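Structure first, commentary second.
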């Protein structure tokens, strides 16, 4: 891992941390949903970067899976916020 | 810190601990569910970093995906505010600390990472690698196959042959749990349907 890659990884982690602060502070539920979504995206990017650094192609599969799971979670959260119930 | 990967691991774990504390501290249960989703994603990255790809897959799919939806479904029956009360429980903290100390004490007896003489690698693992598990003598007039009468994949041999009953009843347990969840949630679904039917009659 050279210094450019390390700095990139640290910047992504910093961005993820900022999203985490927004998720904790809120204040509205939409801030939180957006923060969780941003955090998921940062995770995907971080995984892809770590896979590139370590030359491990298996990381990309996991990154794609995370993108899907993140989307699923966001949709479930927004459905809950909209109607407060899932079965109707 | 000399090792950059170690530095990233440490940062990930510190953020994970902070997320867990925030999830416990908040009174807003919907926010806590979201923080638990973030926590699962962080742990999944950490597992991938430790080369545990299967655990990472499971953590992402179950922890961040299914558990979030399950907790939200629970919130539809309970409400999204935690009851007012003391935030600090000394007995619970003591229990957690003692359990953690015992677990860390237990790791002292574990063999070194990657030790070839570790009990896990000298007991039955050579049998799996030699593909002797699940070997069936088909006899001279048995069906012909290319695998020399053994299960061709070591993982399949362990999961479907050596632990066949374990896997089968695991499936039964998960099926039972799914049926229970559906039974708990069903009245809500049917009452909602009745309400829609009623409103259609009114109209």
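Computed values, structure above
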quantity	calculated
Residues located in segment B:38-57, provided they are over 23 Å from residue B:113 (Cα atoms) and either surrounded by fewer than 19 Cβ atoms within 10 Å (Cβ to Cβ) or at the interface with chain A (Cβ under 7 Å from one of its Cβ atoms) (or both)	B:38, B:41
Flag for residue A:62 being in a helix (DSSP H, G or I), out of contact with any strand residue (DSSP E or B) (no Cβ under 8 Å at 6 or more places or on another chain) and facing chain B (nearest Cβ under 8 Å)	yes
Exclusive hit being more than 7 Å from every other protein chain (Cβ to nearest Cβ) and either under 20 Å from residue B:4 (Cβ atoms) or surrounded by 14 or more Cβ atoms within 10 Å (Cβ to Cβ) (or both), set A:72, A:50, A:10	A:10
Filter result for residue B:71 (assigned to a helix (DSSP H, G or I), over 22 Å from residue A:16 (Cα atoms), free of Cβ contacts under 8 Å to residues at least 40 places away in the same chain and within 17 Å of the chain's Cα centre (by Cα))	yes
Residue in segment A:75-88 that is facing chain B (nearest Cβ under 9 Å), more than 11 Å from the chain's Cα centre (by Cα) and under 23 Å from residue B:46 (Cβ atoms) present	no
Residue that is nearest to residue A:65 (Cα to Cα) [pool: residues in segment A:31-40 that are more than 7 Å from chain B (Cβ to nearest Cβ) and without any contact (Cβ under 8 Å) to a residue 24 or more places away in the chain]	A:38
Every residue from segment A:15-30 that is at the interface with chain B (Cβ under 9 Å from one of its Cβ atoms) and part of a helix (DSSP H, G or I)	A:16, A:17, A:19, A:20, A:23, A:24, A:29
Identity of the residue in segment A:1-14, part of a helix (DSSP H, G or I) and free of Cβ contacts under 8 Å to residues at least 12 places away in the same chain, that ends up nearest to the chain's Cα centre (by Cα)	A:14
Single condition residue A:43 does not satisfy, out of (1) crowded, with 16+ Cβ neighbours inside 10 Å; (2) without any contact (Cβ under 8 Å) to a residue 24 or more places away in the chain; (3) at the interface with chain B (Cβ under 10 Å from one of its Cβ atoms)	(2)
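Any read-out appearing in this document is the output of simple, stated calculations on the displayed coordinates, not a laboratory observation. What you see is a predicted model, and the numbers here were worked out from it, not measured in a lab. As a convention, Cβ positions derive from the backbone with ideal geometry for all residues, glycine included, and neighbour counts pool all protein chains shown.
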